[in-house]
Amino acid sequence: MSQGPGSGLSAVSSALLAMSRHLEVRDVLKTIVVSARELLDAQYAALGVPDDHGGFAQFVVDGISDEQWRAIGPLPRQHGILAAMLKDAGTERLADVRMDPRFEGWPAAHPEMSDFLGMPIRDGDEIIGALFLANKNHPAPDGGCGFTEEDEDLLAILAQHAAIALTNARLYERSRELTIAEERSRLAHELHDAVSQKLFSLRLTAQAATALVDRDTARAKDALNQVAALAAEAADELRAAVVELRPAALDEDGLVATLRTHVQVLDRVHSARVAYRGHLACALPATQEEAVLRVAQEALHNALRHSGAERVDVLLEPHGRGAVLRITDDGAGFDPEAVRHAGRHLGLVSMRDRADGVGGTLTVTSEPGQGTTIQMEVPGG
């Protein structure tokens, strides 16, 4: 870089910090690409993540407008220089990519590119992606490449940390998928138990009605009315199960609608009254919405399964640029310090970890005989 090693180190530090702020794979990929282009002062940058079929599972670009990208067409295949980055595991620094014998052209809408720097992103022996940069912004020496050995060294540092950031993001998404699967499984058991109880009651009531038909028609009629009511309740809960066992649709429905639906289902399933109220002025960042929903689910599970509560209230409302979630029950309560010293957690550790992970706070207020309040605050975007 022409500004000297001091500014180069500062730029690398800024790029690495930017990568560490994101957990979603797509956000990490975009941050890596933007950081690489700014760090090496290039006109264009791209990052390709290969699939197992000769193409790219993801291909993120920077320096090209959305209109240009749409005009270029489908994601590229693994051929030419792109394939070399993914198979040969070497760095390529070229004065003019168009003169390389492996160059196979590009779509009509593709911008013209000349000097080129490409480098694989490796996780151990596995190549998990490749970084491509083109068209250094300051003039190249006659017949030479605009990208220098120093640029290559800086990109190598970025690529090493990009591998860590990308691997962590993938692990985070996998962990989140497992958490969702576990939550769905747990809720499936709850719904199964509740519907089974209704069907058992329905069966007993129907048997009673059968026995009364010839002896006491009035009581038989009452019993049949109970059968109809129990059947309707069981049908409602089965419909609720179909809705709730879908993955939480935060992206489509938002936190408010998703949480409200979850509370409505629990209110049907459990004997305790479960109520929701609240709104948000604007959406929270995706990771914060995810954390709020998971904390709410854990707190509700504790209240409904362990506290003996007759009523649980869920409140979600704006708080500065962020939001506050408050879940209050009238159950048995507990001594938080005694629980902590006894090594029992009631999910409190995971809830605090989720809050801490998005820059939020979690407060637990409870004492024996006085119910429990779980409050979570998140900062917003």
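The residue of the stretch 85-111 that is surrounded by the fewest Cβ atoms within 10 Å (Cβ to Cβ), among those that are of a type in the set (A, V, I, L, M) and in a loop (DSSP other than H, G, I, E, B), is ALA108.
Within the stretch 161-189, the set of residues being modelled with pLDDT of 80 or more and in contact with a Lys or Arg (Cβ under 8 Å, 6 or more places away or on another chain) comprises ALA163 only. The lone criterion from (1) in contact with a Leu (Cβ under 9 Å, 6 or more places away or on another chain); (2) under 23 Å from ALA108 (Cβ atoms) left unmet by LEU39 is number (2). If the condition is being more than 23 Å from GLU149 (Cα to Cα) and either among the aromatic types (Phe, Trp, Tyr) or under 28 Å from the mean Cα position of the chain (by Cα) (or both), then the stretch 106-122 contributes only TRP106.
Residues in the stretch 200-213: is at least one surrounded by 14 or more Cβ atoms within 10 Å (Cβ to Cβ), modelled with pLDDT of 70 or more and not aliphatic (A, V, I, L, M)? Taking every residue of the stretch 200-213 in turn, at least one turns out to be surrounded by 14 or more Cβ atoms within 10 Å (Cβ to Cβ), modelled with pLDDT of 70 or more and not aliphatic (A, V, I, L, M). Taking every residue in the stretch 223-235 that is over 12 Å from ALA206 (Cα atoms) and pairing it with any residue that is buried (at least 17 other Cβ atoms within 10 Å of the Cβ) and of a type in the set (A, V, I, L, M), at least 6 positions away or on another chain, the pairs with Cβ-Cβ distances below 6 Å are ALA234/VAL195. One residue stands out in the stretch 46-79 among those that are open to solvent by 30 Å² or more (accessible area, probe 1.4 Å) and charged (D, E, K, R): the one that is nearest to the chain's Cα centre (by Cα), namely ASP51. Take LEU224 and tell me if it is open to solvent by less than 50 Å² (accessible area, probe 1.4 Å) and either touching a Pro at 6+ places or on another chain (Cβ under 6 Å) or at pLDDT 75 or above (or both). It is false that LEU224 is open to solvent by less than 50 Å² (accessible area, probe 1.4 Å) and either touching a Pro at 6+ places or on another chain (Cβ under 6 Å) or at pLDDT 75 or above (or both). Residues of the stretch 34-58 that are farther than 17 Å from LEU117 by Cβ and either assigned to a strand (DSSP E or B) or free of Cβ contacts under 8 Å to residues at least 12 places away in the same chain (or both): VAL49, PRO50, ASP51, ASP52, HIS53, PHE56, ALA57, GLN58. I'd like the full set of residues that are within 18 Å of PRO120 (Cβ to Cβ) and assigned to a helix (DSSP H, G or I), limited to the stretch 70-84. Within the stretch 70-84, GLY80, ILE81, LEU82, ALA83, ALA84 meet the criteria. The set of residues in the stretch 115-159 that are farther than 19 Å from ARG98 by Cβ, open to solvent by 10 Å² or more (accessible area, probe 1.4 Å), touching a Pro at 6+ places or on another chain (Cβ under 9 Å) and in a strand (DSSP E or B) contains only ILE127.
The values are calculated or read from the model by the stated rules, or taken from the named source; none is laboratory data. If you're wondering where the values come from, they're calculated on a predicted model, not measured in any experiment. Reconstructed Cβ throughout: ideal geometry from the backbone, glycine too, with neighbour counts over all protein chains shown. For accessibility, only protein heavy atoms count, side chains too; no ligands or nucleic acids. Shrake-Rupley method; radii C 1.70, N 1.55, O 1.52, S 1.80 Å.
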